Amino acid sequence: MVLGVTGGIAAYKAAEIVSRLKKLGADVRVIMTKNACEFITPLTLETLSANPVVCDTFERARTWEVEHIALAARADLFLIAPATANLMAKMATGLADDMLSTTVLATRAPVLLAPAMNTAMWEHPATQENRERLARRGVRFVGPAEGHLACGTTGKGHIASVEDIVAQACALLCPVCDLQGRRVLVTAGPTREPLDPVRYLTNRSSGKMGYALAEAAAARGAEVTLLTGPVSLDVPHGVHALRFETTQDLLALALEHGPAQDIVIQAAAPADYRAQEVAPYKIKKADGEPLTLSLVENPDVAKALGERKRPGQLFVGFAAETNDVLAHARQKLERKRLDLIVANDVTRPGAGFDVDTNIVTLISREDMRELPILSKREVADRILDRVLELGAPASD
């Protein structure tokens, strides 16, 4: 595989990435930009990779071949970590003015980027347009994550963890297709229940766990349908997404698409209540008088799916709780006819809403398995492993 290293402060992470990939048996060839060499020396990565590091397009090749074409053809995977905003802009426009941008333009291998930059740079419309353009071409992304940045601020733009980068690289290098031939439905994200034309009831679900499940299932060969609420996440590559707003919207989509699935994973967080009447105009303040809202129960999406579960279909649910977590989860397992429930205490640090990690317990009728703190992608794969153990069927 080829690892590209660009000129960002996160370039030092490349040393650990190379080391871990080598320990896993990968043959790693490194290309560094000129600016990357200001942050980490080529000698470090040559020593760790046991291969020459390429930096200069016009350096005399050690073999009689056009080096950037040879490297592009040799790659089973092209990983760039860190990937700067400048590199993403070059790739999006097809610019090839150094060894790294020239080689990635020439490769036919899968490309995985681990962006790292200042939050404002990541959120800039130009960077987001470039990211969307690259994603449409099949480029995969890992991160960026929320974290403390070199500029002293905290926000999105921190390079993904080395564990996540290596896991994603391994998944692309050695794909496990144990869900080949299976249809998987995943629901993700919150619902929005309108109160008036500008306000709504919702919850803190980010959709990250559901999206991680959809991505993991697709990577393992499944045909994945993702029902997604309003979230600020990119639909994973190869996943068919349908969007909903309210709990009733989600229920309608789930009942329409659920029967054809081999595995249904209800990871969305539908609101339990909605307004009895939606105000036609914006609700105004009433000179200090309290506002009374009349709410009615929403339908129970998981229960409706469980009641309609066809023979052989495997059904997974979630229990995001704040107290008596295991007891509540076991009750849901029985009441909603689940085969597996994923329970977590959303008050624990590193678990719950809008973080990149989770701490869960997998509960089936046979046993209970508590997992350590893991990235949500790792949790997703552990859930799918357990689903296969429980005997998920394959489509005809």
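The values are calculated or read from the model by the stated rules, or taken from the named source; none is laboratory data. Remember, predicted model here, so these are calculated numbers, not experimental data. Please note: Cβ atoms are built from the backbone with ideal geometry, for glycine as well, and neighbour counts cover all protein chains shown. Side chains included, ligands, DNA and RNA excluded: accessible areas come from the protein's heavy atoms. Shrake-Rupley method; radii C 1.70, N 1.55, O 1.52, S 1.80 Å.
Applying the Karplus relation 6.51 cos²θ - 1.76 cosθ + 1.60 with θ = phi - 60° to the range 251-266 yields 3J(HN,Hα) values of 4, 4, 5, 5, 6, 6, 9, x, x, 7, 8, 8, 10, 10, 10, 8 Hz, where x marks Gly and Pro. For the range 357-368, putting each phi into the Karplus relation 6.51 cos²θ - 1.76 cosθ + 1.60 with θ = phi - 60° gives couplings of 10, 7, 10, 10, 10, 8, 10, 10, 6, 8, 7, 9 Hz, in residue order, rounded to whole numbers and with x for Gly and Pro. If you look at the Cα atoms of the range 314-386, you get an Rg and a Dmax of 11.4, 31 Å.
From the helices alone, meaning DSSP H stretches of at least four residues, give me the mean residue ellipticity at 222 nm for the chain, per-run term -39500 (n - 2.57), in deg cm²/dmol to the nearest 500.
Numbers: 13 runs with 128 residues, N = 396.
So the calculated ellipticity at 222 nm is -9500 deg cm²/dmol.
If you find the alpha carbon centre of the range 19-39 and of the range 172-205, how far apart are they in angstrom? About 35 Å separates the Cα centre of the range 19-39 from the one of the range 172-205. Our note on the geometry: Cα centres of the range 337-396 and the range 131-169, 24 Å apart.
Our estimate of slack between GLU289 and ARG348, defined as 0.36 nm per intervening residue step minus the Cα-Cα distance, is 17.5 nm. Available extension along the chain between HIS240 and TYR273 is 9.0 nm, counting 0.36 nm per residue and deducting the alpha carbon span.
Loop-resident GluC sites (Glu not before Pro) (DSSP state other than H, G, I, E or B) in the range 314-396 with no more than 10 further Cβ atoms inside 10 Å of their Cβ: GLU366. Only protein atoms count toward the accessible area here, which uses a 1.4 Å probe; on the range 272-387, the carbon and sulfur part of that area reaches 48 percent.
Among the listed pairs LYS22/LYS208; LYS332/LYS376; LYS23/LYS332, a Cα-Cα separation exceeding 32 Å is found for LYS23/LYS332. Note that the range 285-295 has calculated 3J(HN,Hα) couplings of 5, 10, 6, x, 6, x, 9, 10, 10, 9, 10 Hz, one per residue in order, obtained from phi through the Karplus relation 6.51 cos²θ - 1.76 cosθ + 1.60 (θ = phi - 60°); glycine and proline are x.
For the chain, the Cβ-based charge dipole about the Cα centre amounts to some 300 debye (Lys, Arg positive; Asp, Glu negative; other atoms uncharged). Note that the range 84-186 carries a Kirkwood radius of 15.2 Å, evaluated over its alpha carbons pair by pair. The angle between the Cα long axis of helix 376-389 and the longest principal axis of the Cα atoms of the chain comes to about 70 degrees, rounded to the nearest 10.
Of the residues ALA267, ALA73, ALA279, the one that moves most in a GNM of the chain with alpha-carbon contacts below 10 Å is ALA279. Which Cα, out of ALA10, LEU227, ILE283, lies furthest along the positive dipole direction of the chain (beta carbon charges, K/R +1, D/E -1)? Highest projection toward the positive end goes to LEU227.
Think of the range 298-396 as having a plus end and a minus end, set by charges on the Cβ of Lys, Arg, Asp and Glu; of ILE373, LEU326, VAL316, VAL316 sits farthest toward the positive end of this dipole. Proximity of backbone amide H atoms, modeled 1.01 Å from N, is registered between VAL360 and LEU371 at under 5 Å, excluding neighbours fewer than 5 places apart on the same chain. Backbone amide hydrogens, once placed in the peptide plane, bring ALA83 within less than 5 Å of ALA114, ALA116, excluding anything fewer than 5 places away on its chain.
Distance from the C-alpha centroid of the range 105-119 to that of the range 237-291: 35 Å, rounded to the whole angstrom. Set the Förster radius R0 to 30 Å, insert the Cβ-Cβ distance between THR322 and GLU132 as r into 1/(1 + (r/R0)^6), and round the FRET efficiency to 0.05. Efficiency, from the Cβ-Cβ distance: 0.25. Does the range 280-360 classify as rounded, prolate or oblate by the C-alpha gyration tensor (a ≥ b ≥ c root eigenvalues; a/c under 1.5 gives rounded; else a/b over b/c gives prolate, otherwise oblate)? Oblate, because a/c is 1.5 or more while a/b does not exceed b/c.
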